[in-house]
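The values are calculated or read from the model by the stated rules, or taken from the named source; none is laboratory data. Everything numeric in this text was worked out from a predicted model, so none of it was measured. Neighbour counts run over all protein chains shown; Cβ positions are idealised from the backbone, glycine included. Just the protein is used for accessible areas: all its heavy atoms, side chains included, with ligands, DNA and RNA removed. Shrake-Rupley method; radii C 1.70, N 1.55, O 1.52, S 1.80 Å.
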Amino acid sequence: MHRLLFPGSFDPFTKGHQDIVSRALAFADEVVVAIGDNAAKGTLLSVDERRERIERVFAGQGRVHVAAYQGLTADYARQVGAQAILRGVRSTLDYEYERNLADINRALSGIDTILLMADPNLASISSSVVRELMAHGKDVSPFLP
Ligand code: ADP
């Protein structure tokens, strides 16, 4: 049984995030999409709104679970019994950030991180750009599942 933890802010969950989960299901039995509930980080959508949106995307897909967590990702990964943490990489900027997180999470928990390269067609999608467009009343549906 291979369970992956896919942690993130998902504010909002985009087609890029959906693609990472879908591709991971080719080699993992289960993916837990875990919304980091970080009170210090102002978000556009509440945890409940984010959870509902992600649950809708994977409705009927029994191998994807949605959860919210507080505290350290490494602790939560152990708590849910994940064999590995799943993250996506769009660019060299992401790479440096993800390498650092992966190092820390493995040092804390012994759990490795699997990095999937973003699909080139989706690599320009970021939650922050989607939020910016929403704030200006633009149609963001092309970027969302
Ligand atoms: P965080 O605040 O933890 O970085 P995000 O919701 O921004 O949370 O991203 C969660 C993960 O999804 C990160 O590993 C990020 O690199 C990855 N990701 C974000 N957008 C994309 C995309 N368009 N394609 C592939 N991976 C992505």
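Brief remarks on what is shown
- Only helices (runs of 4 or more DSSP H) whose full extent lies in the stretch 73-145 are considered here, and the ones with at least 1 residues that are in contact (Cβ under 8 Å) with a residue 40 or more places away in the chain are 73-79, 127-135.
- Single condition Pro7 does not satisfy, out of (1) of a type outside the set (Asp, Glu); (2) open to solvent by 10 Å² or more (accessible area, probe 1.4 Å); (3) within 10 Å of the chain's Cα centre (by Cα): (2)
- Criterion applied to Asp48, Asp75 was being among the acidic types (Asp, Glu), more than 12 Å from the ligand (Cβ to nearest atom), over 26 Å from His136 (Cα atoms) and open to solvent by 80 Å² or more (accessible area, probe 1.4 Å), and the one residue passing it is Asp75.
- Note on the stretch 78-92: residues that are within 12 Å of the ligand (Cβ to nearest atom) and crowded, with 17+ Cβ neighbours inside 10 Å amount to 6.
- Test for Arg23: is it more than 10 Å from the ligand (Cβ to nearest atom) and of a type in the set (Lys, Arg): no
- Test: residue in the stretch 135-144 that is farther than 22 Å from Ala28 by Cα, surrounded by 14 or more Cβ atoms within 10 Å (Cβ to Cβ) and basic (Lys, Arg): no
- Flag for Arg23 being among the basic types (Lys, Arg) and open to solvent by less than 70 Å² (accessible area, probe 1.4 Å): no
- Any hit, the stretch 58-65, residues being buried (at least 17 other Cβ atoms within 10 Å of the Cβ), in contact (Cβ under 8 Å) with a residue 40 or more places away in the chain, away from the ligand (no atom under 14 Å from the Cβ) and within 13 Å of the chain's Cα centre (by Cα): yes
- Checking the stated criteria, Glu96 turns out not to satisfy the condition of being open to solvent by less than 80 Å² (accessible area, probe 1.4 Å) and not polar (S, T, N, Q).
- Hey, Gly16 among the small types (Gly, Ala, Ser), within 13 Å of the ligand (Cβ to nearest atom) and surrounded by fewer than 17 Cβ atoms within 10 Å (Cβ to Cβ) or not: no
- With respect to being at pLDDT 95 or above, open to solvent by less than 40 Å² (accessible area, probe 1.4 Å) and in a strand (DSSP E or B), Ile35 fits the description.
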